[in-house]
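My questions all concern the structure below.
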Amino acid sequence: MQQLRTDFPRRLELEGEYDLSQREQIAALFGSLHADGPVIIDLTKVTFIDSTFLHLLAGLRLRFKEQSITLTGATANIKRILTLVKFEQLFVLADQDKWVAALQPACKSGLSEISRKA
């Protein structure tokens, strides 16, 4: 199951195993993304990836030359695979907790701004 939010940054939440049997599904999902803003791909619920998924991620990176792609929430095993193939040089690899914590001050300041305007 995948979910795609269309606001910026776009957040794509993936779930399950991604291997050769899922190639068409993930290729269609990645193909539906427009390279007009940053993307966050949440891997929290992903349990397995293989070289097919890595290849499709690399293709996404080529399309999003000027945009940020953040991979967040990867399990230790998936993060190990991503670092073995040096994807930290192509993507932002972020821990879910650290990513959420980094956004909280921005959210609070945004709420303060809204409160002042009201």
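The values are calculated or read from the model by the stated rules, or taken from the named source; none is laboratory data. Bear in mind that the values here come from a model prediction, so they are computed numbers and not experimental data. Cβ placement follows ideal geometry from the backbone for every residue including glycine, while neighbour counts extend to all protein chains displayed.
Do you know which residues across segment 59-73 are loosely packed, with under 15 Cβ neighbours inside 10 Å and either in contact (Cβ under 8 Å) with a residue 60 or more places away in the chain or of a type in the set (A, V, I, L, M) (or both)?
Within segment 59-73, just LEU62 meets the criteria.
On the given criteria, is PHE53 surrounded by fewer than 16 Cβ atoms within 10 Å (Cβ to Cβ), at pLDDT 95 or above and not hydroxyl-bearing (Ser, Thr, Tyr)?
Judged against the criteria, PHE53 is not a match.
Which condition number in (1) under 16 Å from PRO9 (Cβ atoms); (2) modelled with pLDDT under 90 is the one that ASP97 fails?
(1)
Determine whether LEU103 is crowded, with 16+ Cβ neighbours inside 10 Å and either in a helix (DSSP H, G or I) or at pLDDT 95 or above (or both).
Criteria not met by LEU103.
Please indicate, with yes or no, whether at least one residue in segment 33-47 is over 18 Å from VAL85 (Cβ atoms), in a helix (DSSP H, G or I) and at pLDDT below 95.
Scanning segment 33-47, I find no residue that is over 18 Å from VAL85 (Cβ atoms), in a helix (DSSP H, G or I) and at pLDDT below 95, so the answer is no.
Identify, by number, the condition in (1) within 13 Å of the chain's Cα centre (by Cα); (2) modelled with pLDDT under 95 that ALA58 doesn't meet.
The number of the failed condition is (2).
Right, GLN22: under 17 Å from GLN89 (Cβ atoms), modelled with pLDDT under 95 and not in a strand (DSSP E or B) or not?
no
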